[in-house]
Amino acid sequence: MAGGGGVSPLGLAPPLWYHRDLSRAAAEELLARAGRDGSFLVRDSESVNGAYALCVLFQKHVHTYRVLPDEEGFLAVQTSQGVQPKRFKSLPELVLLYLQPSQGLVSTLLYPVDREESIPEDRDYSDGEDEKPPLPPRSASTPPTGSSPETPTDSAPAANGLSTISHEYLKGSYALDLQAVKQGASSLPHLNKTLVSSCKRLNGEVDKVLSGLEILSKVFDQQSAFIVSKMIQQSVNQGGDQELENLVTKLAILKDLLSSIEKKALKAVQDMSLSTLSSPPPLTRHSKTIPVQAFEVKLDVYLADLTKIGKSQKHSLSVDVEGGKLVVMKKMKDNQEDWNTFTHHKIRQLIKSQRVQNKLGIVFEKDKEKSQRKDFIFASAKKREAFCQLLQLMKNKHSNQDEPDMISIYIGTWNMGSVPSPKAVGSWLLCRGLGKTLDEMTVTIPHDLYVFGTQENSVCDREWVDSLRTALKEHTELDYKPIAVQTLWNIKIAVLVKPEHENRISHVGVSSVKTGIANTLGNKGAVGVSFMFNGTSFGFVNCHLTSGNEKIGRRNQNYLDILRLLSLGDKQLSSFDISLRFTHLFWLGDLNYRLDMDIQEILNYINRKEFDPLLKVDQLNLEREKNKVFLRFAEEEISYPPTYRYERGSRDTYVWQKQKATGMRTNVPSWCDRILWKSYPETHIVCNSYGCTDDVVTSDHSPVFGTFEVGVTSQFVSKKGLPKSSEQAYIEFENIEAIVKTASRTKFFIEFYSTCLEEFKKSYENDSQSSDNINFLRVGWTNKQLTTLKPLLSEIEYLQDQHLLLTVKSLDGYESYGECVLALKSMIGSTAQQFHTYLSHRGEETGNIRGSMRVRVPAERMGTRERLYEWISVDKDTHVLVPSLTRKDVGAELGKVSEEVERSTKEEGTAARAKQDSAEGDPSTCKNNSYNNPAYYILEGVPNQSAASLSSELLPTSCSPPAGKALPPGGGRGMPPSGSSQPRRHNSAGHPVRPISEEGSQEDDGSVGVGSGGGAAHGGGVGGTLNRPPPDFPPSPLPKGVLEMANTSFSKPRPLYPDLAEVKIPTANPSPAFVLGEGFRRGAGGAGGLDDQSCSVLQMARTLSESEYPPPPRAPSAHPHLRGQGLGDACRTFPPRAPITESIAEDLPEEALWGSSSSSLSVGESSVGEWLQSLGLERYEEGLLHNGWDDLEFLSDITEEDLEEAGVLDPSHKRILLESLRQQK
């Protein structure tokens, strides 16, 4: 099959009906647009290299025939067994025959569908980046590992324009010189002019080299230094005829200088060394130890004993990573201290509060059977994350496991602007600057992997890698090992790893794709690296896409070309694009997407540091929301200013105008430089930082950094050996049903791939098929058509880390119509579990797939262990809800809270770990999913009764959260990047990452929850976006159970979709997420048609006709904008609940402790409040109450420092308060 670029196999002018590498979906769209029976086209086969696919439209269905070459190169249409094929020398001959009637096709070929001729591409380097595309690196140095053999030197003369200049001289100016010589001229002026033009760039390069060597020559060779300085001065003044002569002179001087300077430098250094022989040799540096770090915290006063309320709750937590200890020190009056020391194995679990970003619960082991939880409030969310990272590092350092469960990955991307980087790039390596950055306590801790992607990098490979290793050694004192370097012209990617991990890396692969002019120039394109880290596969792609504000479509096409053509990963997975070949795929680079807004508005927002309105018009965000690019990828919240286009030498000014030959060019400030990722479902990945530097100013782009905490698996070795027949695990399917976007009516089969299988397996063809819409097909398989799969190993510890890749293929062309990935983890058990996810092909969504399966593991193989990343979980925040309390109520309520906490902690540590997130992971809790919910289909413009007219913000998700679970801030931001039954994932700080318009798993139908127990890998749940099908697919009828429930659930019947006149739409408030009301959480009044997790269309109808709902309050930790901008209000659940009048006893006090604006607590407010009111300082009441100063008896001991912590910063107010207290004494 012909690839992108290059000459067509049908010659330079192939027939217009030949569409080359057109995708199957695009071919069907063209034929549907043609609309006439007998319309046809030919494209390259997606399944067989060198083969073609003849696509014919008949009765609104597309029929595909494979055209295969034989051993002699003849072509024939694939026929049924026993039918003699007709052979042809060429494709036009074959088509010519089938233009005749009665040749065996479903229809005679009547109307060729011509390919759409692409508009000639403008130079995509005209956007102010470079006047001409940069040349490939001049150095021929070999990269450390696996560099591609492809070298783009053949294109260099053309790119340089030298061949053009030479041709012009030979064709035209040569004749003029010849005429001049005939007339007696002694020179060739036109040739001289040609040579000067050709060497213009060389002249500049020589000047640069001489300037660079001038300093060295002054130090080591004063005689040469004078000549060099003189030549540099002359080169400024000379030109014209002297220019060429001057260049030759400079080259001679440069040659002499280079040959002599090293010898003279060596002699000078030897002379210097004689005077320093007595000095001791430098000490060998080892990896630096991590010093003991102390964190100032406050104990959760409302979980403490009643007697302690009102007294100082200040604590210090000291983490000794090297010693494996945590010291909890309580600060008491009179400078006394009380402390407890806990070794690493006594710290059972860390529990992050989802709602209060700076709160952390620590579960300590007291005795063998007992544990104790204490909740602490840190000064900031960043401090909490630093503490957690240090404790994880301590656990990992002192673990008895031979292989790591989790690694830390640094990713950096930078468009260097064709200028060498400065020596000081520490801020880039240490994630210092703007945005989400690491805490200073953890910023110097070395990462396990460093991945550097650069664009417009003119430094040769070896020099670049050496500079990176030197910089890393300076900051980490470790000698990082290069794993792979790949270069395409000036686009580079380099991967370095800690020395201790070098032997854990295997199966390294590299690749590159050109997407420059006509897909032949490498000034734009991508480079990639892939490898296995023990049992986990990683892929990294660094790209530089087409520039220009208006070239969105071209950038989208660049992405799709890279996705399809980049050859990375397991070759057996060629049916899958690279977004499904790796456990974790990271995509970074200068993506060049811009902001669609007036330049002055952009600058005003940047000056005010208001990035939310800009992110709403970010082209990449908009294209992702349309599912045009980066389908189901995630990106961390952006909280730093646009990284392009700065004035070089400064970060204070954006340069947004440039004079071009065609007029003034505008380059608005934009977030061109990005890092996105996509991971398999039910894997652990957390983004700990995402920002840019503010002090690296050599380029017009700022370097961008991101760090990730990623779970990895070991190369599992069974302690019991290969399973016997009685101990064999099985993967069994009960049924599978897929909705495929296609106008074809062929039969389909499924292929199953996994590293846990010896080889890929195939199902039989589907046994059911139906369609209510010409553009979609529903196909189904029962257990008779689905093969039982036997994993290589049967241990649950091994299987829970495995994934299954599925591809739905057609029988007529063996081409894929959609692929997906399923996690085995949540399918393990004796009963079948449901799965539901999306299908994609070549980066586009092509349908949905659901089914029922189970992974049966024998009892002898059920042993497992806790992973390091499961040690940190996210609190559900579902503890006892208490109203405002008085002091006499506190004791009783605290007792209840403590019991709840203790019970919750035990559950999280045991059963919840064995079955993570059961409310989410078990699809059976969400039976009424998108397949039987007509609301699923509303958003795609399908006329379905009156539902089509419903506003998207009025639509519920298909399943509501379980009782007691609240939605975190951010609405639909934190959806998982992939489908399958995957609990949603938060990053470590609790802010959701941003996959766009996720449909995916069974839980994605709207169930909401957070990780429990071992659920650190999955973090907290977030409000689900609506699960939506491919466009125009009609809904299924409601199941009988739902319809029967209508008569029992409601006192009087209501229409399925109420008239919109009855609906009172709440005031739009795009920032906070809506929280489901009690009616939605608890189902339909105990009626038997739906379980507690479901939210039917009937409930939606009832809700729509109820009273107006005021907008909910903003959660304190909410980010100011929703990342799922394209879905708008559809990202929220419905209906919104009235402002919360109750609060969680263990959470709200700490929210206010560090500056919350509201509280429902009223402990002791009468006496303290009246006292403050009498002084006219009642504004400080809330701060004092929440810092424990709730009684005048205790207030007598308050100090100035305590008042400042309670928010009293005015010196005169402090004096008034302290004086009043002294008088009361």
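Filtered by the rule that a residue be at pLDDT 90 or above and either assigned to a loop (DSSP other than H, G, I, E, B) or not aliphatic (A, V, I, L, M) (or both), segment 71-85 gives a lone residue, PHE74. Restricting to segment 827-837, and then to whatever is hydroxyl-bearing (Ser, Thr, Tyr) and open to solvent by 10 Å² or more (accessible area, probe 1.4 Å), can you tell me which residue is modelled with the highest pLDDT? Among them, the one singled out is THR831.
Tally the residues that are surrounded by fewer than 21 Cβ atoms within 10 Å (Cβ to Cβ) and of a type in the set (D, E, K, R), restricting the search to segment 429-438. The total comes to 1. Under 30 Å from GLN802 (Cβ atoms) and touching a residue at least 12 places away in the same chain (Cβ under 8 Å): does that describe HIS684? So HIS684 passes the test. I'd like to know if segment 493-515 contains one or more residues that are hydroxyl-bearing (Ser, Thr, Tyr), surrounded by fewer than 24 Cβ atoms within 10 Å (Cβ to Cβ) and out of contact with any Leu (no Cβ under 8 Å at 6 or more places or on another chain). Within segment 493-515, one or more residues are hydroxyl-bearing (Ser, Thr, Tyr), surrounded by fewer than 24 Cβ atoms within 10 Å (Cβ to Cβ) and out of contact with any Leu (no Cβ under 8 Å at 6 or more places or on another chain). Quick check: is even one residue across segment 667-686 open to solvent by 20 Å² or more (accessible area, probe 1.4 Å), more than 23 Å from ILE552 (Cβ to Cβ) and assigned to a strand (DSSP E or B)? No, that holds for no residue. Of the residues in segment 448-464, at least one is open to solvent by 10 Å² or more (accessible area, probe 1.4 Å), assigned to a loop (DSSP other than H, G, I, E, B) and within 27 Å of GLU385 (Cα to Cα). Taken over segment 465-498, the criterion of being polar (S, T, N, Q) and assigned to a strand (DSSP E or B) is satisfied by GLN486, THR487. Taking the conditions (1) at pLDDT below 95; (2) out of contact with any helix residue (DSSP H, G or I) (no Cβ under 8 Å at 6 or more places or on another chain); (3) within 30 Å of ARG555 (Cβ to Cβ) in turn, GLN728 satisfies each one other than (3).
Checking each residue in segment 600-656 for being more than 30 Å from GLU844 (Cα to Cα), among the polar types (S, T, N, Q) and touching a residue at least 40 places away in the same chain (Cβ under 8 Å) picks out only SER650.
For segment 16-52, the tally of residues that are without any contact (Cβ under 8 Å) to a residue 60 or more places away in the chain, buried (at least 17 other Cβ atoms within 10 Å of the Cβ) and farther than 13 Å from ARG115 by Cβ stands at 2.
Can we say GLU1165 is at pLDDT 80 or above, among the acidic types (Asp, Glu) and either farther than 30 Å from ALA381 by Cβ or over 39 Å from the mean Cα position of the chain (by Cα) (or both)? Here the answer is no, as GLU1165 does not meet what is asked.
The set of residues from segment 424-442 being under 19 Å from ILE493 (Cα atoms) and either free of Cβ contacts under 8 Å to residues at least 24 places away in the same chain or assigned to a loop (DSSP other than H, G, I, E, B) (or both) comprises VAL425, LEU430, CYS431. Starting from residues that are open to solvent by less than 30 Å² (accessible area, probe 1.4 Å) and aliphatic (A, V, I, L, M), keep the ones in segment 382-409 and report whichever is nearest to the chain's Cα centre (by Cα). Checking each candidate, the answer is ILE409. If you go through segment 624-637 and pick out every residue that is surrounded by fewer than 21 Cβ atoms within 10 Å (Cβ to Cβ) and part of a helix (DSSP H, G or I), you end up with 1. Considering every residue within segment 553-567, establish whether at least one is outside any helix (DSSP H, G or I) and within 28 Å of TYR410 (Cβ to Cβ). Scanning segment 553-567 turns up at least one residue that is outside any helix (DSSP H, G or I) and within 28 Å of TYR410 (Cβ to Cβ).
Restricting to segment 827-854, give me the number of residues that are small (Gly, Ala, Ser) and over 23 Å from the mean Cα position of the chain (by Cα).
Matching residues across segment 827-854 total 5.
Which of (1) under 24 Å from SER530 (Cβ atoms); (2) open to solvent by less than 20 Å² (accessible area, probe 1.4 Å); (3) not β-branched (Val, Ile, Thr) does GLY426 not meet, given it meets every other one? The single condition GLY426 does not satisfy is (1).
Name every residue in segment 374-412 that is assigned to a loop (DSSP other than H, G, I, E, B) and more than 16 Å from LEU868 (Cβ to Cβ), in order of residue number. Steps first, please.
Restricting attention to segment 374-412, the residues satisfying the condition of being assigned to a loop (DSSP other than H, G, I, E, B) are 379-380, 398-405.
Those that are assigned to a loop (DSSP other than H, G, I, E, B) and more than 16 Å from LEU868 (Cβ to Cβ): ALA379, SER380.
At least 3 residues being in contact (Cβ under 8 Å) with a residue 60 or more places away in the chain and under 29 Å from the mean Cα position of the chain (by Cα) is the threshold, and among the strands (runs of 3 or more DSSP E) wholly inside segment 711-821 those reaching it are 730-741, 803-810.
The values are calculated or read from the model by the stated rules, or taken from the named source; none is laboratory data. In this text the structure is predicted, and so the values were computed from the model without any measurement. Neighbour counts are summed over all protein chains in view; Cβ atoms, including those assigned to glycine, are modelled from backbone coordinates with ideal geometry. For accessibility, only protein heavy atoms count, side chains too; no ligands or nucleic acids. Shrake-Rupley method; radii C 1.70, N 1.55, O 1.52, S 1.80 Å.
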